[in-house]
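Q: Sharing a structure with you now.
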Amino acid sequence: MRTTLTATQLKCPKCAVHIEEEIKKRNLARDLVIDVPTGIISVEADGEQLIQIKRLLSQAGLYHEEHEERTARLITISGLVLFVIGFATMRFSHPVGITFLVVSSIINGYPRVHELFHNFSVGVLDIFDENLLMLLGGTGGFLAGAYVEAAMVFNLYALAEIIEESVKEKAQEGLRSILTDIPDSAMLIKDQQLIAVDVEELKAGDHIRFTAGDTVPVDVVLLSPALVDESVITGESAPVNHEAGDMVLSGSKLLTACDAKVLRPLEESNLAQVQKAITQTLSRKSAFRSWMERFTNVYSPMVLISAVAVFLFGLLSGNTFSVAVYRSSVLLLIACPCSLLLASPSAVSAAVSTLARQGVLVRNTDALEKLPQVKTIVFDKTGTITTGRMKITEAHISDEHLALVASVESYFKHPVAEAIVAYAAEKNIVLKEAKVKQNGNVISGDVEGRQVELIMTDILQVKVDGFDVGFFKVEEELREEASWVIEQLREQGYNVIILSGDQPEKVETLAKQLKVDEYYANMTPESKQAFVKKLETREHCLMVGDGLNDALALSEAYVSAALPDRQIKTVVETADFILSGTLSPLVNLPIYAQSYTSTVKTNVGLSLGIKIVVFATSLLGYVALPLAVLADEGTALLVLLNSLRLTNRASH
């Protein structure tokens, strides 16, 4: 089972790597993703493994039960109060003030020391561990006689953690709505009895019962009407009325009681696939993140060497020991790379969770950075601009003959047959048994002794007992939002192209209806791929398809988006973005991608700019210990807050 844990005190990506390695080394999880900016740990493990993971995180000081978190926060606040008292008392009684400052430093420094020793005990201590650098910097301040400033180091870190936890709790809302825990059990109806079973035991065809408020654990087909909240899947907050026979995807919440039949087992259900896709996305490194990690591998050693050099140079140039220690302590505090390493991941977490709630699953975060460079959007026709279903536009036939035609077509699953059967159902026509056969584009059948022949050309011609009795005109059903989406994209300056394997006349009719000037017909999957490849030599494009016969073209495009038929499993490896049931998010996706790219660049600029300025001025002796703490913790907080702005920007 996949479960989400919260470790709000996890701040450093390097620490996350150590934790992940330890969990994998002990074989405690089948799948694990740690998202540092939100502190969310998504883990697939059984009950006993989960207990051991919680114990491991608790020993590292990263995970607490709710009551333990409340206690820890109260202790932190008491330490801050003692610091304020000590600071105020210093004016009247120096020894008493120092005592309060030392006690407050011990209270708010202890959790850091505890985490530091845990890292040391499991052999994962990093020379740039934030806890080690804070301890050295704060201790250096006390040795230098700067008691107030040294105490501020420990207490500012503690205060920053409280603020960051609040920011992370806000950021967690988005990911939690997607990585929501799947219910452990379901009520199975077997032999007219209700039996509670593990959801992992459910198989296709099982009959299960839900009560109002239940979360659907697997994909199901309803056996009775129900009101369903599908916001986790589609991003739409309005509940949907579903009838018996409708499919409801896992992760949806039932607002009324109903019975259902299992369509797919747990591991194949939509929510499991979405969770897997998101956790894989969060575990990948974006181009910005890889660059920043390479930078910190140079930056942190450089600052540490500078701290040693400043200390030695200070002693050699006649500075007192306390002054030399103080200046080197300042450099130690800004050597920590954590705030730099959060610049990109924090934006990734915010964007992935926000877009997922809006019906866009991000498979490749680099595509968000590439999307603003796109000039042309290429649409596949069938299943993308159209629904893939057919509809009756004209029916010149009597109800008597319609009943015969629908009875024959009910034995077939192709789109035209489904359209005719649905049309007959709308007219409450009762179907009859038939004996049918198909020969090319001709379908024939015997319905209670009446000979029915259906010939598909540009229209569906109907013969009964050898006589022409009528015809149907059918066409592909256009998505409701398709015309609006294409109009909006053209207004944004994009060139729009339609590719289709259909006949030229049909593609031309559709293109004129959508006011698209450039379109191509009779295209095979290979010719679509070749077209996109040639287009990419001139300008970058976004290819939008259903992920099936256009998979080759999707893989060739600079950026790709797939609109699968309800389930994502078939396209997760071929598309950068997966749209959930509608083209509508495409309108604002490029705008959101621009905001994402801008946010990442701002984060990088803030992180680098503040660190470099503080580093340069500290070499000249103009930076105090508290300012160094603010440069580190303050930058991390600014980065988180800036990334959090992405959660307030809807994609459609």
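The values are calculated or read from the model by the stated rules, or taken from the named source; none is laboratory data. Keep in mind that what you see is a predicted model, and the values were worked out from it rather than measured. Methodologically, a virtual Cβ is constructed for each residue, glycine included, from the backbone with ideal geometry; neighbour enumeration extends over all protein chains shown. Surface areas here come from the heavy atoms of the whole protein model, side chains and all, with no ligands, DNA or RNA. Shrake-Rupley method; radii C 1.70, N 1.55, O 1.52, S 1.80 Å.
Q: If I ask for residues that are among the aliphatic types (A, V, I, L, M) and closer than 30 Å to Pro372 by Cβ, which ones from the range 449-497 would you list?
A: Going through the range 449-497, the residues among the aliphatic types (A, V, I, L, M) turn out to be 452, 454-456, 459-460, 462, 464, 469, 474, 478, 482, 485-486, 489, 496-497.
Across the range 449-497, the qualifying residues are Leu478, Ala482, Val485, Ile486, Leu489, Val496, Ile497.
Q: Being under 40 Å from the mean Cα position of the chain (by Cα), surrounded by fewer than 13 Cβ atoms within 10 Å (Cβ to Cβ) and more than 19 Å from Thr382 (Cα to Cα), is that true of even one residue in the range 448-458?
A: Taking the range 448-458 and keeping what is under 40 Å from the mean Cα position of the chain (by Cα), we get none.
No; the residues of the range 448-458 include none that is under 40 Å from the mean Cα position of the chain (by Cα), surrounded by fewer than 13 Cβ atoms within 10 Å (Cβ to Cβ) and more than 19 Å from Thr382 (Cα to Cα).
Q: Would you please list the contacts, defined by Cβ atoms under 6 Å and residues six or more apart or on different chains, that run from a residue in the range 138-153 that is part of a loop (DSSP other than H, G, I, E, B) to a residue that is of a type in the set (S, T, N, Q) and open to solvent by 30 Å² or more (accessible area, probe 1.4 Å)?
A: Pairs that qualify, where the first residue is part of a loop (DSSP other than H, G, I, E, B) and the partner is of a type in the set (S, T, N, Q) and open to solvent by 30 Å² or more (accessible area, probe 1.4 Å), are Ala144/Ser322; Gly145/Ser322.
Q: Taking interchain pairs and intrachain pairs at least six residues apart, which have beta carbon atoms under 7 angstrom, with the first residue in the range 303-317 and within 25 Å of Leu340 (Cα to Cα) and the second open to solvent by 50 Å² or more (accessible area, probe 1.4 Å) and in a helix (DSSP H, G or I)?
A: Partner pairs satisfying both residue conditions: Ser306/Leu619; Val310/Arg327; Val310/Leu619.
Each row is one residue, and each column tells you yes or no for (1) in a strand (DSSP E or B); (2) of a type outside the set (A, V, I, L, M, F, W, C); (3) in contact with a Gly (Cβ under 8 Å, 6 or more places away or on another chain).
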site	(1), (2), (3)
Val462	yes, no, yes
Val485	no, no, no
Val507	no, no, no
Leu510	no, no, no
Asn522	no, yes, yes
Val532	no, no, no
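Q: Moving on to the next point. Any residue in the range 15-26 that is modelled with pLDDT under 65, open to solvent by 70 Å² or more (accessible area, probe 1.4 Å), in a helix (DSSP H, G or I) and farther than 21 Å from Ala272 by Cβ? Steps first, answer last, please.
A: Of all residues in the range 15-26, those modelled with pLDDT under 65 come to none.
Scanning the range 15-26, I find no residue that is modelled with pLDDT under 65, open to solvent by 70 Å² or more (accessible area, probe 1.4 Å), in a helix (DSSP H, G or I) and farther than 21 Å from Ala272 by Cβ, so the answer is no.
Q: Let me ask another. Which one of the conditions (1) modelled with pLDDT under 70; (2) more than 28 Å from Val153 (Cα to Cα) does Met292 fail to meet, given that it meets all the rest?
A: The failed condition is (2).
Q: Among the residues of the range 160-186, write down those that are modelled with pLDDT of 80 or more and in a helix (DSSP H, G or I). Step through it out loud before you land on a result.
A: First, the residues of the range 160-186 that are modelled with pLDDT of 80 or more: 185-186.
Selection gives nothing.
Q: Next up: Please find, within the range 250-270, the residue that is nearest to Asp206 (Cα to Cα) out of those that are aliphatic (A, V, I, L, M), open to solvent by less than 50 Å² (accessible area, probe 1.4 Å) and at pLDDT 85 or above.
A: In the first step, residues of the range 250-270 are kept if they are aliphatic (A, V, I, L, M); the result is 254-255, 257, 260, 262-263, 266.
Filter once more, so that each one left must be open to solvent by less than 50 Å² (accessible area, probe 1.4 Å): 254, 260, 262, 266.
Remaining after also requiring at pLDDT 85 or above: 254, 260, 262.
Numbers: Leu254: 18, Ala260: 8, Val262: 5 Å.
So, considering only residues that are aliphatic (A, V, I, L, M), open to solvent by less than 50 Å² (accessible area, probe 1.4 Å) and at pLDDT 85 or above, the one nearest to Asp206 (Cα to Cα) is Val262.
Q: Further, regarding this structure: Could you pull out every one of the helices (runs of 4 or more DSSP H) wholly within the range 585-652 that has 2 or more residues that are open to solvent by 30 Å² or more (accessible area, probe 1.4 Å)?
A: Values: elements: 589-619, 625-629, 635-644.
In the range 585-652, 589-619, 635-644 are the helices (runs of 4 or more DSSP H) which contain 2 or more residues that are open to solvent by 30 Å² or more (accessible area, probe 1.4 Å).
Q: Still on this structure: What single numbered condition from (1) assigned to a loop (DSSP other than H, G, I, E, B); (2) closer than 23 Å to Leu563 by Cα; (3) open to solvent by 10 Å² or more (accessible area, probe 1.4 Å); (4) modelled with pLDDT under 85 fails to hold for Lys285?
A: Lys285 satisfies all of (1) assigned to a loop (DSSP other than H, G, I, E, B); (2) closer than 23 Å to Leu563 by Cα; (3) open to solvent by 10 Å² or more (accessible area, probe 1.4 Å); (4) modelled with pLDDT under 85 except (2).
Each row is one residue, and each column tells you yes or no for (1) closer than 13 Å to Thr382 by Cα; (2) open to solvent by 70 Å² or more (accessible area, probe 1.4 Å).
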residue	(1), (2)
Leu499	yes, no
Val507	yes, no
Lys512	no, yes
Ala521	yes, no
Pro525	yes, no
Leu542	no, no
Tyr558	no, no
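Q: In the range 67-94, which residue that is open to solvent by less than 80 Å² (accessible area, probe 1.4 Å) and outside any helix (DSSP H, G or I) is farthest from Ser105 (Cα to Cα)?
A: The residue in question is Ser93.
Q: Of everything in the range 464-475, what is assigned to a strand (DSSP E or B) and open to solvent by 40 Å² or more (accessible area, probe 1.4 Å)? Give them in sequence order. Steps first, answer last, please.
A: Going residue by residue through the range 464-475, those that are assigned to a strand (DSSP E or B) are 464, 467-475.
Passing the criteria: Phe467, Asp468, Phe471, Lys473, Glu475.
Q: Here's something else I'd like to know. Out of curiosity, is Ala350 modelled with pLDDT of 80 or more and either of a type in the set (Gly, Ala, Ser) or assigned to a helix (DSSP H, G or I) (or both)? Break it down into steps so the answer makes sense when it comes.
A: Details: modelled with pLDDT of 80 or more: yes; either of a type in the set (Gly, Ala, Ser) or assigned to a helix (DSSP H, G or I) (or both): yes.
Against the criterion (modelled with pLDDT of 80 or more and either of a type in the set (Gly, Ala, Ser) or assigned to a helix (DSSP H, G or I) (or both)), Ala350 qualifies.
Q: Right, another one. I'd like to check something: does the range 319-334 contain any residue that is touching a Pro at 6+ places or on another chain (Cβ under 8 Å), at pLDDT 80 or above and in a loop (DSSP other than H, G, I, E, B)?
A: Residues of the range 319-334 that are touching a Pro at 6+ places or on another chain (Cβ under 8 Å), as a first pass: none.
Looking for residues that are touching a Pro at 6+ places or on another chain (Cβ under 8 Å), at pLDDT 80 or above and in a loop (DSSP other than H, G, I, E, B), one finds none in the range 319-334, hence no.
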